[in-house]
Every structure is written in C-alpha cells, then in structure tokens.
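A.B. asks: Please see the structure below; I have some questions.
The values are calculated or read from the model by the stated rules, or taken from the named source; none is laboratory data. Note that the structure is predicted; figures quoted are calculated from it, not measured. FYI the Cβ positions are ideal-geometry reconstructions off the backbone, even for glycines, and counts take in every protein chain you see. Surface accessibility is based on the protein's heavy atoms, side chains included, excluding ligands, DNA and RNA. Shrake-Rupley method; radii C 1.70, N 1.55, O 1.52, S 1.80 Å.
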Amino acid sequence: DMNGPEVDGTIFAVGPGKTDANVIWTGSDDGLVHVTRNGGLSWTNVTPKEMPEFGRVSQIDASRFDPATAYLSVRRPLLNDRAPYIFRSTDFGKTWTRITAGLGAEDYVHAVREDPVRRGLLYAATQHGVRISYDDGARWQNLNLNLPDVPVADLVVEHDELVIGTHGRGFWVLDNLGPRRQAAPAVLAADAHLFTPAAGRRSSPGTTLAWWFKAAPRRATLAILDSAGAVLRELAGDTTPPGAGAGAGRRRGSATTFPLAAGLTRFTYDLRAQGIESFPGMILWGAGTAGPALPPGRYTVRLTADGRTLTAPLRIVRSPLLPEVTDADLRAQYAFGVKVRDKATEANRGVIDIRRVKAQLDDRLGRSDDGGLKAAGGTLRTNASAVEEKLYQVRNQSGQDPLNFPIKVNNRLANLLSMAERGDGPPGTYMPELLGILSKELAGHTAELAKVWATDLEAVNAELKRLQLPP
C-alpha cells in the first residue's frame with residue numbers, strides 16, 4: 001500500500017527567522033524551498049537551481065546575524081545518492097551557493113547549524129560524524145575528535161557547548177567552544193595566545209581557561225587579578241617530570257599548579273581566590289584548603305610564560321538558579337571568607353615556622369654536642385612544640401585520626417570557611433561571632449609563640465654564636 005508521504009510532497013523542515021519573526025523558511029521532502037517575509041501571508045519559491053531531483057530538505061537554519069541569510073541541508077540516500085548537499089543564501093533565496101568543499105563523497109548531511117557567537121562558523125551533522133567550517137562553508141574540516149564514525153542526526157549550540165545526537169546511539173557534548181570561536185590564522189601562527197574565557201557562573205564547577213603555546217615554556221605563572229589589578233590567585237606551571245605527580249592541591253583544596261605543554265591547553269579555574277596556606281602532611285576534618293569564591297564582577301586572567309605576558313578579561317556572574325541572592329550578599333560572603341582564610345593561614349604559618357625552626361635546630365645539634373646548646377635547644381623544642389600542638393592536631397597521621405584526637409584552632413577555622421562557602425549567600429547566623437572567638441584564641445597562641453621566639457630562640461642563637469655556627 002501507498003500512503004500520503006509516498007505520493008504527496010511534505011514540508012520536512014521549517015526554519016524560523018532569528019532576527020525577523022516575519023521571515024520563515026520551509027523545505028519539502030521532494031526538494032522545494034519556500035520563504036515568506038510577511039509572516040506567511042505570501043510565499044516565494046526559492047528552490048536552489050542546483051537542487052537535486054527529489055532532494056529531501058532535512059533542515060534549514062536561519063542566520064541570527066542577517067535575516068536574508070539561511071543554510072539548508074539536503075540528502076538523497078534513498079535514491080542511492082550519498083553525496084553531501086549544503087546550500088547557503090544571503091539574499092532571501094534569490095541565489096544559492098553550494099558549500100560542500102572538504103566533505104567526503106558519502107558524507108551526506110542531516111543538519112547544518114550556524115554558531116550564534118562567531119559569524120561564519122558552521123557545524124554540520126553528517127552520516128559520518130561532525131564537520132566544522134570557519135569560513136562560512138567555503139571549506140569543511142573533520143570535528144569528530146574521539147567521536148566514533150556514526151551518523152549524527154542533529155546538533156545544537158547551547159551557550160559554549162556543541163551538543164549532538166547520534167542516530168540511536170546517544171548524546172555527546174563538546175564543551176568550551178571559546179577557542180574555536182576565537183581561532184584565526186594569526187592566533188594559530190603566534191608563539192602564544194590566551195583565549196578569552198566564557199563568563200564564570202557562581203555555584204558551578206568553574207570556567208575553562210585555554211591558551212596556545214607553540215612550544216612548551218620552561219616556566220609559567222597564571223594569575224587572577226581584580227579590577228584594580230590586585231592578584232587574588234596565583235598558580236605555577238607544573239614542572240614535575242611526567243609520572244612524578246602533579247601539585248593539584250591538598251584534599252578538598254584548589255589546584256596550585258597548571259600543566260605546561262605545547263599546543264592547546266585547557267584548565268578549569270574554580271572561580272576562587274587564593275586558598276589556605278598548607279604544609280606537608282596536614283590532615284583536616286570536615287574542611288579543606290580551597291579559598292573563598294569570588295563575587296560577581298570583572299577580572300583579568302594573566303598568563304606569564306618565559307618573560308611573555310598575556311592577558312584576557314574574565315567576567316563572573318550570579319547563578320541564575322538563585323535570583324534571590326544579590327551581588328551585595330556575595331560580596332559580603334567573599335569579604336567574610338577572606339577574613340577566615342587569612343586567620344587559618346596565620347595558624348598554619350605558625351606551624352610552618354615552628355617546624356622550620358625545629359628542622360634547623362636538628363641540623364645545628366648535629367654539628368655540635370655542646371652541653372649548653374643541647375640544653376637551650378631542648379627548651380626551645382619543648383616550648384615551640386607546646387604551641388604547635390595548640391595550633392594543629394599533631395597526632396593526626398591518617399584521615400580518620402581526627403575521630404580520636406580533637407581538632408585544633410587551624411582546623412576549626414578551615415571548617416568555618418567550608419561552612420560559609422557551602423552555597424551562595426552571606427555568612428550565616430553566628431558565623432562572625434565564631435570567627436571572633438577563634439581569632440581571639442589564635443591571638444593568644446600567636447602571642448605565646450612570639451614569646452618563644454623572643455626568649456628561647458634567642459637563647460639558642462646566643463649559644464650558636466658562641467660556637468660560631470649559623471643562627
């Protein structure tokens with residue numbers, strides 16, 4: 001039996017205008033293309049002269065940059081014609097140009113889409129994967145990457161992501177389209193280039209920073225600056241040999257390094273300021289070392305590599321899921337987080353200083369068995385260690401040890417920061433009061449440590465001077 005679709009032409013694709021609601025394009029399954037410029041009151045047959053007989057218009061995409069421009073894809077595999085057909089018009093269909101250079105002989109096309117940000121950047125869904133054109137279809141390139149050779153039924157660009165649907169095999173997402181939108185011959189020919197990142201959204205994993213190095217630099221730093229030029233976060237290029245382990249930060253912390261490599265590098269920035277300073281082997285309970293999230297505003301990414309400095313603007317915006325949270329709320333949250341972070345860092349620096357002095361003391365005692373030095377050194381070690389134990393739970397050896405040994409002031413401060421950063425909003429009830437209590441406790445320990453340095457450390461240095469050893 002034959003039914004309607006076999007004997008009657010059917011409108012198979014509709015392309016609404018994106019800049020003029022009165023412009024609508026249609027394509028049929030027997031190769032006819034029509035356009036209306038008055039909201040459907042009248043239609044004009046604008047079928048391309050090169051339209052193959054009974055070509056099925058599979059999809060039409062009206063340009064968001066020009067109401068007179070549209071792209072249409074046509075396929076004829078049921079007639080044993082697997083050739084690709086893509087047409088472009090810039091004059092409301094009066095003339096069409098076939099744009100298929102670079103496509104394979106059997107890459108017949110299911111859909112073609114225009115990038116909403118960069119004019120002339122096109123994506124094609126073909127029988128053998130995804131293709132991309134940077135020059136309005138004059139030349140197509142393969143964009144399959146790790147995508148297998150599968151039919152791609154359709155694709156759509158959503159914000160900074162290209163989302164594709166394969167024929168019955170699943171959805172795929174290519175994220176961070178920014179570098180592709182900004183790619184140009186001058187960019188790819190440069191020794192180095194920092195791409196402008198997409199806006200970072202609060203309460204998200206962050207935004208992707210991307211840059212291009214023709215050759216891997218020996219040394220590099222990455223910094224986030226505020227609108228006044230102050231450095232809020234700084235990371236170092238990872239110079240550890242392959243396989244030696246990267247410095248990706250402590251447990252539940254933020255990255256402290258980024259990869260150094262030739263070619264395109266992508267790095268996820270978590271939109272946070274500098275974290276809590278740490279020390280080797282530090283174990284925290286219910287907390288981490290990540291810094292406070294930056295409030296909405298305009299920032300600068302600065303990449304310095306082997307003496308060359310590159311910059312790009314970065315914008316941070318509120319989460320659209322939390323309309324009740326204001327910019328003022330998020331600025332208050334950040335200001336509080338900075339205070340807590342700085343106090344936690346102060347506590348940890350006390351531990352760092354104590355451990356550095358004790359390591360130096362071990363070195364000096366290894367050079368001399370003088371009785372006076374041993375006595376002064378013993379007093380210094382005892383009193384410094386007593387303060388260290390008030391700042392940090394020194395008995396922690398594993399992540400479960402805090403269950404048995406009470407956490408000290410550095411951990412309680414880090415936990416307060418973690419609680420204040422659990423979501424978007426100003427500091428919660430009693431958080432400022434808790435900071436005041438912990439700050440007062442820390443001030444007492446800091447004063448005690450200053451007394452140890454002024455008395456016990458000076459006594460050791462006097463003995464070292466007598467023995468003509470380094471202080």
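A.B. asks: Short version: ³J(HN,Hα) in whole Hz for each residue of the range 46-57, in order, from phi by Karplus 6.51 cos²θ - 1.76 cosθ + 1.60 (θ = phi - 60°), x for Gly and Pro, what are they?
C.D. replies: Using θ = phi - 60°, the values come out as 10, 4, x, 4, 8, 4, x, 4, 6, x, 8, 6 Hz.
A.B. asks: On to the next question. If you place +1 on the Cβ of every Lys and Arg, -1 on the Cβ of every Asp and Glu, and leave all else neutral, what size is the dipole of the range 104-161 about its Cα centre, to the nearest 20 Debye?
C.D. replies: 160
A.B. asks: Let me ask something else. Compute, for the range 87-212, the length of the dipole vector about the Cα centre, with Cβ point charges of +1 (Lys, Arg) and -1 (Asp, Glu) only. Units Debye, rounded to 20.
C.D. replies: With only Lys, Arg, Asp and Glu charged at Cβ, the dipole is about 220 debye.
A.B. asks: A further question on this structure: Taking only protein heavy atoms into account and a 1.4 Å probe, give the accessible area per residue of the chain in Å².
C.D. replies: 50
A.B. asks: How big is the convex hull of the Cα atoms of the chain, per residue, in Å³?
C.D. replies: Considering the Cα atoms of the chain, their hull volume per residue is 220 Å³.
A.B. asks: In debye to the nearest 20, how big a dipole does the range 249-309 give about its Cα centre with +1 on each Lys and Arg Cβ and -1 on each Asp and Glu Cβ?
C.D. replies: 120
A.B. asks: For a 21 Å ceiling on Cα separation, which of these pairs sit above it: LYS358/LYS390; LYS390/LYS451; LYS358/LYS451; LYS18/LYS49; LYS358/LYS465?
C.D. replies: LYS18/LYS49
A.B. asks: Additional query: Computing the accessible area with a 1.4 Å probe over protein heavy atoms, can you report the carbon and sulfur percentage for the range 280-424?
C.D. replies: 51
A.B. asks: Additional query: Using 1/(1 + (r/R0)^6) with R0 = 51 angstrom and r between the beta carbons of ASP20 and ILE352, what's the FRET efficiency to the nearest 0.05?
C.D. replies: So the FRET efficiency works out to roughly 0.20.
A.B. asks: Find, among the trypsin sites (Lys or Arg not before Pro) in the range 371-423, those assigned to loop by DSSP (not H, G, I, E, B) with at most 10 other beta-carbon atoms within 10 angstrom.
C.D. replies: ARG422
A.B. asks: Hey, another quick one. If I model a spin label at MET419 and SER319 as a point 7 Å from the Cα along the Cα→Cβ vector, what separation in nanometres do I get?
C.D. replies: Here the answer is 2.0 nm between the modelled labels.
A.B. asks: Counting helices only, and only those DSSP H runs with n ≥ 4, report the 222 nm mean residue ellipticity of the chain as the sum of -39,500 (n - 2.57) divided by its residues, in deg cm²/dmol to the nearest 500.
C.D. replies: So the helix-based figure for the chain works out to -8500 deg cm²/dmol.
A.B. asks: May I pose another question? Amide H to amide H, which residues 5 or more places from ALA192 or on other chains are under 5 Å from it, using H placed in the peptide plane?
C.D. replies: Placed amide hydrogens put LYS214 under 5 Å from ALA192.
A.B. asks: Pull up all non-local amide H partners of THR95: gap of 5 or more, or a different chain, and H-to-H distance under 5 Å with H placed in the peptide plane.
C.D. replies: Excluding prolines and chain starts, which carry no amide H, the hits are THR90.
A.B. asks: Which one of VAL130, LEU222, LEU373 has its Cα pushed farthest toward the positive end of the charge dipole of the chain, where Lys and Arg give +1 and Asp and Glu give -1 at the Cβ?
C.D. replies: Sorting the options by dipole projection puts first LEU373.
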